[in-house]
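A.B. asks: This is the structure, below, for whatever I ask next.
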Amino acid sequence: MSKSKFDTIHEMHQDDVKNDTRFVAVSPYFVDSKNVEQGALVTMGIDGSTHLEMVRQKRFPLLIMVDKEEYEKRINT
């Protein structure tokens, strides 16, 4: 059975912490969202080096929507 996306990302993040690598980057820079025919369009900001890595197909974006209230409860415990 294959691992879930979350399990894989968690492993990569643990390696980042342990080995001072940068396999997973998180961008908290929400810019905008608006309704479109297909649902919604979300605009996020990223730093220049991450953008360059995306252009070179070294990275890909993955939007994860998280319950804010539950996140804040857990992050502070």
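The values are calculated or read from the model by the stated rules, or taken from the named source; none is laboratory data. None of the values given here were measured: they were computed from a predicted structure. So basically every Cβ, Gly included, is an ideal-geometry build from the backbone, and we count neighbours across all protein chains shown.
A.B. asks: Hey, any hits in the stretch 38-51 for a residue that's at pLDDT 95 or above and of a type in the set (D, E, K, R)?
C.D. replies: No, the stretch 38-51 contains no residue that is at pLDDT 95 or above and of a type in the set (D, E, K, R).
A.B. asks: Something else: Where the second residue is hydroxyl-bearing (Ser, Thr, Tyr) and modelled with pLDDT of 95 or more and the first is closer than 19 Å to ARG59 by Cα and lies in the stretch 27-46, which pairs have Cβ atoms under 6 Å and are six or more apart or on separate chains?
C.D. replies: Short answer, once both residue conditions are applied: VAL42/SER33.
A.B. asks: Among the residues of the stretch 19-26, are any among the hydroxyl-bearing types (Ser, Thr, Tyr) and part of a helix (DSSP H, G or I)?
C.D. replies: no
A.B. asks: If ASP20 meets every condition in (1) surrounded by 10 or more Cβ atoms within 10 Å (Cβ to Cβ); (2) without any contact (Cβ under 8 Å) to a residue 40 or more places away in the chain; (3) not β-branched (Val, Ile, Thr) apart from one, which number is that one?
C.D. replies: Condition not satisfied by ASP20: (1).
A.B. asks: Would you say LYS73 is surrounded by 10 or more Cβ atoms within 10 Å (Cβ to Cβ) and either in contact (Cβ under 8 Å) with a residue 24 or more places away in the chain or not in a loop (DSSP other than H, G, I, E, B) (or both)?
C.D. replies: Here the answer is yes, as LYS73 does meet what is asked.
A.B. asks: To continue, here is another question. What number goes with the only condition from (1) surrounded by fewer than 10 Cβ atoms within 10 Å (Cβ to Cβ); (2) aromatic (Phe, Trp, Tyr); (3) assigned to a strand (DSSP E or B) that PHE30 does not pass?
C.D. replies: Result: PHE30 fails condition (1) only.
A.B. asks: Being touching a strand residue (DSSP E or B) at 6+ places or on another chain (Cβ under 9 Å) and closer than 19 Å to THR8 by Cα is the filter here; which residues of the stretch 38-64 pass it?
C.D. replies: PRO61, LEU63
A.B. asks: For the stretch 33-58, which residues satisfy the criterion of being part of a strand (DSSP E or B), loosely packed, with under 10 Cβ neighbours inside 10 Å and of a type outside the set (S, T, N, Q)?
C.D. replies: Correct list: LYS34, VAL36, GLY39, ALA40.
A.B. asks: If LYS5 satisfies all but one of (1) surrounded by 10 or more Cβ atoms within 10 Å (Cβ to Cβ); (2) without any contact (Cβ under 8 Å) to a residue 40 or more places away in the chain, what's the number of the condition it fails?
C.D. replies: Only one criterion in (1) surrounded by 10 or more Cβ atoms within 10 Å (Cβ to Cβ); (2) without any contact (Cβ under 8 Å) to a residue 40 or more places away in the chain is unmet by LYS5, namely (2).
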